[in-house]
Structure formats: C-alpha cells, structure tokens
1. Restricted to segment 76-92, and to residues that are touching a His at 6+ places or on another chain (Cβ under 9 Å) and open to solvent by less than 70 Å² (accessible area, probe 1.4 Å), which residue is modelled with the lowest pLDDT?
2. Identify, please: which residue in segment 230-243 is surrounded by 14 or more Cβ atoms within 10 Å (Cβ to Cβ) and within 13 Å of the chain's Cα centre (by Cα) and is, among those, nearest to residue 157 (Cα to Cα)?
3. Is it true that residue 150 is farther than 16 Å from residue 74 by Cα, at pLDDT 90 or above, open to solvent by less than 60 Å² (accessible area, probe 1.4 Å) and not aliphatic (A, V, I, L, M)?
Amino acid sequence: MGDRLQVRGLLANGANPETYDPSMTHMMNIQKSEAFFRVGNVGFEAALIDKIHDSNPDLPIFDTSRGIDPVRGTHAHHHPRGAVDAVDDELAVDPHTWTSVKNARIMARNMLDALVEIDPEGKGLYTRNYERFDARLDSLDRAYALRLAPEAGKAFIVWHPSLSYFARDYGLEQVVTGGAEGKDMSATGLREAVENARSHNPRVFFSQKDLDTRQVASLNAEIGAREVLINPMSYDWAAEMDRIVDALAAS
C-alpha cells in the first residue's frame, strides 16, 4: 500500500484469540482509523464488533470473509444429546477462513474493494498490488493441489480444528481430537479420541503451542502419527501454509 495507509493489527503476534482482550491502546487506535477490517467469525471480533460500532458510529467496518462458503459444526462442545446448544454448534461457522489459499484470494479481493471505497485516489496502486498478490496465491494453490493430489481422501489429525477450509480445498479429512476449547479431556474422552483417530489411519498430527494441552503427547503416543507444530496465527502466513503442505506431502 506504499505510504498511503498504515496497517495496525488488533491482535498482537503470538496472542491467543481464544482469550484475547484488547488493550486501551488498541481501542484508541481504532478510533484513529479510517476503517476496520474484520476476519469474519473470530470469537473476539464478534464480542467486540458492537462496542467498536457504538464507539465509532462513522467507522466503516468491512467483513473480509464475505462471499466465502462457510464450513460449519467443527467447533462443537460437549452437550447432552438433543440439547439446544448442540444444535447451535452444528450451525456455528468455523472461523479459520484464512487457512485456505482459495479463501485468501476472496479475502484479498474484499480488501481491495474496501480500500478503493475509502481511498478512491489510491485505486491504481491498490489494484496493481492486488493483482500481483492474487497471481502469487493462484500459483500457490496450483502447486499445493499438485503436491497434495496423491493424499486426496487421506486423514490428518488436529488438536484444534483450524484446518477445516484447507482440508476441504484439497480433498483431505481433518480429524479433531481436542476440540475448540483446548480443555483437558477425561480418560474416557481420551480413549474415544484415540479410537476415532486410529480408525482414520492418520500419518500427521498437527498441534498448536498456544492452544494445546499436555495431553497431545500422551494421545499421540497411542496413535503414532508424526507430530508437527503449527501456528495458524503466524504473521508469516505463506511460510505456515508451506509447513502444513510439506508435512502432508512428505507423509
């Protein structure tokens, strides 16, 4: 974007979105901003969006996930059978839209449209940058699809369900063992998770340092998959996507 705009991230690098609470400085930065770009369905955003709007009624708020076909039901909690909350879980949208190159292309286009709206004079610059970035994403997607084609239909494990869109893109199966909350499971829950994971014959177990518990190691000791530490919140998005593809292609 050159010198036309300064981008400030609300979530600091390494912060946990599950427990994030913005500081006063962050809220003041929003007041000084020309626009607010939300990822789409991230929990802390949903909790803050009304507050941001009420405090800054003239601030344009853009949903960068607009137009993405949502994945639902990945962030289920444990409820009695038939409970209303269980139905809500099935309808809940998976928030990890950015862990998909195809989605990233949609998000980039949404950002371009928003930037042109708030700064029409910069349209030429924004469009040129967008076109270069979109071409790079297209190349990445083609390369990933080629590398992962032999893995189509195969399963991998995640502790936290952060790769749902990625799995959909390339015909893979994501097997969730820990759920969305990252809480310790009971002995019965662990046994069921091991049995379920084994039934899918996974060869890679993705885990996240900031969300996982000590149970990951004991769980995988029973499963025997190759453990790979990932950080979907990393600022170096492309490197993280490469890490995921490398792990699966080498499995």
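1. My answer is 86.
2. Ranking the candidates gives 230 first.
3. no
The values are calculated or read from the model by the stated rules, or taken from the named source; none is laboratory data. All values reported here derive from a predicted model rather than from experimental measurement. No Cβ is skipped: glycine too gets one built from the backbone with ideal geometry, and neighbour counts run over all protein chains shown. All accessible areas refer to the heavy atoms of the entire protein, side chains included, with ligands and DNA or RNA removed. Shrake-Rupley method; radii C 1.70, N 1.55, O 1.52, S 1.80 Å.
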